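Working notes for the structure below.
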Amino acid sequence: MRIVLLGAPGAGKGTQAKKLVEKYGIPQISTGDILRKAVADGNPLGKEAKAYMDKGELVPDSVVIGLVKERLTRDDCKKGFILDGFPRNTAQAEVLDKVLNETNIPLQVALCVDVDMEILMKRLTGRRTCRQCGQMYNIYFSPPQKESVCDKCGGELYQRDDDKEETIRRRLEVYEAQTAPLIEYYKNKGILKTVEGTGDIDEIFANICSILGA
Ligand code: AP5
Ligand code: MG
Ligand code: ZN
């Protein structure tokens, strides 16, 4: 299965992608996660990316496209993949189509997780992530049993640098201006599906599975 997850910051792309990984055994390719790892490692790529991420702007296409191209050539993508946070604009979408068409493995579904803008701010300011296993929590909607400690592995929970109100506002603007047009892009290709992204996480996942026909 070759899927792109579309949706605003905080829509639940990462949350649902992790569940898809467990169920289908195909990798999640999150450009945000890849970039955050580069930032944490302090390598040159991370240093360049951090300046954009902290402002809520997109990292230049030249950087991100290279990362994704490389990632897609790895063996674990042979069975399929879940792209989360890529493509983010029309230029990225066009390059992706070109790369996948060249190898005869076009995208099958672009799944848009649809959530009202008003809910997103609370989801993002409340998000906490496990440093060790990546499990996501939300202090308002799905808090851990013990404050700042992961239920699954006991790891420490942290707040993302770009989950500050001002930066979130900019990320939402950038989404509207640059990423939302991809909904039309994939509709025109005939592969757009939409799932309601508000409500119980497991119910949303069940709906996604039925949309994907599996
Ligand atoms: P990225 O990491 O992709 O962030 P994003 O798009 O802003 O999306 P998020 O990860 O914030 O939201 P999500 O939809 O994954 O939601 P989540 O599941 O975590 O990008 C970060 C930055 O990297 C960008 O700003 C840019 O600078 C750069 N970048 C990345 N990709 C790029 C690209 N292709 N090109 C250029 N630059 C790029 O859920 C959010 C919260 O809500 C969590 O707390 C979760 O527990 C909670 N939640 C989830 N579902 C529910 C539910 N149903 N009910 C209640 N709470 C829920
Ligand atoms: Mg995410
Ligand atoms: Zn953990």
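The values are calculated or read from the model by the stated rules, or taken from the named source; none is laboratory data. No experiment lies behind these values; they were computed from the predicted model shown. Note that each Cβ is placed from the backbone with ideal geometry, even for glycine, and that neighbours are counted across all protein chains shown. Keep in mind that these areas ignore ligands, DNA and RNA; they rest on the heavy atoms of the full protein, side chains included. Shrake-Rupley method; radii C 1.70, N 1.55, O 1.52, S 1.80 Å.
Quick one: which residue in T31, T15 is within 16 Å of ligand 3 (Cβ to nearest atom) and not hydrophobic (A, V, I, L, M, F, W, C)?
Working: T31 fails: within 16 Å of ligand 3 (Cβ to nearest atom).
Among T31, T15, only T15 is within 16 Å of ligand 3 (Cβ to nearest atom) and not hydrophobic (A, V, I, L, M, F, W, C).
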Index of the failed condition, D161 passing every other in (1) away from ligand 3 (no atom under 16 Å from the Cβ); (2) loosely packed, with under 13 Cβ neighbours inside 10 Å; (3) at pLDDT 95 or above = (3)
ask   = How many of the residues making up the stretch 43-80 are open to solvent by 80 Å² or more (accessible area, probe 1.4 Å) and charged (D, E, K, R)?
value = 9
remark   = Residue count, the stretch 104-158, condition touching an Asp or Glu at 6+ places or on another chain (Cβ under 9 Å) and open to solvent by less than 50 Å² (accessible area, probe 1.4 Å), comes to 15
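Quick one: would you say G32 is of a type in the set (G, A, S) and either open to solvent by less than 30 Å² (accessible area, probe 1.4 Å) or in contact with a strand residue (DSSP E or B) (Cβ under 6 Å, 6 or more places away or on another chain) (or both)? Give the steps one after another, and end with the answer.
Values: of a type in the set (G, A, S): yes; either open to solvent by less than 30 Å² (accessible area, probe 1.4 Å) or in contact with a strand residue (DSSP E or B) (Cβ under 6 Å, 6 or more places away or on another chain) (or both): yes.
Considered against the rule, which asks whether it is of a type in the set (G, A, S) and either open to solvent by less than 30 Å² (accessible area, probe 1.4 Å) or in contact with a strand residue (DSSP E or B) (Cβ under 6 Å, 6 or more places away or on another chain) (or both), G32 comes out as yes.
Conditions (1) more than 23 Å from M117 (Cα to Cα); (2) within 11 Å of ligand 1 (Cβ to nearest atom); (3) in contact with a Cys (Cβ under 7 Å, 6 or more places away or on another chain), marked per residue:
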position	(1), (2), (3)
A11	no, yes, no
G14	no, yes, no
K19	yes, yes, no
G32	no, yes, no
D41	yes, no, no
L45	yes, no, no
K50	yes, yes, no
V59	no, yes, no
V64	yes, yes, no
ask   = Mind checking which pairs have a first residue in the stretch 2-30 that is farther than 19 Å from D76 by Cα and modelled with pLDDT under 95 and a second that is assigned to a strand (DSSP E or B) and open to solvent by 40 Å² or more (accessible area, probe 1.4 Å), Cβ under 7 Å, 6 or more apart or different chains?
value = none
query = Taking G155, is it near ligand 1 (Cβ under 10 Å from one of its atoms) and touching a strand residue (DSSP E or B) at 6+ places or on another chain (Cβ under 6 Å)?
reply = no
message = Out of the helices (runs of 4 or more DSSP H) lying entirely within the stretch 155-214, which hold 3 or more residues that are over 22 Å from V21 (Cβ atoms)?
response = 165-174, 181-189
